[in-house]
Amino acid sequence: MICSHTSCSREEKVWLPIDSNHKSEAALHPWCIHCGLVKNISDDNPKKIGYWINVLSSLSHRYSFTQCQKRLIYKELQSFDEFIDTYGTTGSSQIELFEKIVRKHCNINRNNIGTFIC
C-alpha cells in the first residue's frame, strides 16, 4: 500500500548527504511521519508514471513494439513503487529501472533508449 506522505516539521528534519555523489555535502531532509521514508531533495528529480508511459509510446513508434510488449512493460512499470510514489525516489534510479525493464522485453540498445529520455 502506498503512503500518502506527510513531511515532518521543520524542527524534525535530519541532516543527511545531499546525494550519493556529494557525500561530503549535507542538508536537512524532511521525512514522512507515517512511513519514515526520507524525501529526495537532490537535483535528480523523479518523474511521474505518465512521463514514462509517454517515453514508452515514443519508443514503441520508433521500434515497432507489439501490443503485448507494450502491455508487459507497462504492467511491470506499475509494479514498481519508484514510478508511482516519487517521494524518496531519484530520477537516475528511475532511468536505470526503466531501461532494464524495456531491455527485458525488447532487444534495444541502452543508448537508443536513453535518447528518448529527456
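The values are calculated or read from the model by the stated rules, or taken from the named source; none is laboratory data. Predicted model only: the values in this text are computed from it and were never measured. Because the Cβ atoms are built from the backbone with ideal geometry, glycine has one as well, and the counts that use them run over all protein chains shown.
Considering the stretch 96-117, the residues that are outside any helix (DSSP H, G or I) and more than 13 Å from the chain's Cα centre (by Cα) include one that is farthest from Q69 (Cα to Cα), namely T115.
Does L59 satisfy the condition of being among the aliphatic types (A, V, I, L, M) and over 24 Å from H5 (Cα atoms)? Yes, satisfied.
Somewhere in the stretch 4-21, is a residue on the phi < 0 side of the Ramachandran plot, modelled with pLDDT under 90, basic (K, R) and surrounded by fewer than 13 Cβ atoms within 10 Å (Cβ to Cβ)? For the stretch 4-21, residues on the phi < 0 side of the Ramachandran plot, modelled with pLDDT under 90, basic (K, R) and surrounded by fewer than 13 Cβ atoms within 10 Å (Cβ to Cβ): absent.
Quick grid of which residues meet (1) in a helix (DSSP H, G or I); (2) touching a strand residue (DSSP E or B) at 6+ places or on another chain (Cβ under 7 Å); (3) of a type outside the set (V, I, T):
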site	(1), (2), (3)
H5	no, yes, yes
L16	no, yes, yes
D43	no, no, yes
P46	no, no, yes
L56	yes, no, yes
L59	yes, no, yes
C68	yes, no, yes
R71	yes, no, yes
E76	yes, no, yes
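Just one of (1) surrounded by fewer than 13 Cβ atoms within 10 Å (Cβ to Cβ); (2) touching a Gly at 6+ places or on another chain (Cβ under 8 Å) fails for C68. It is (2).
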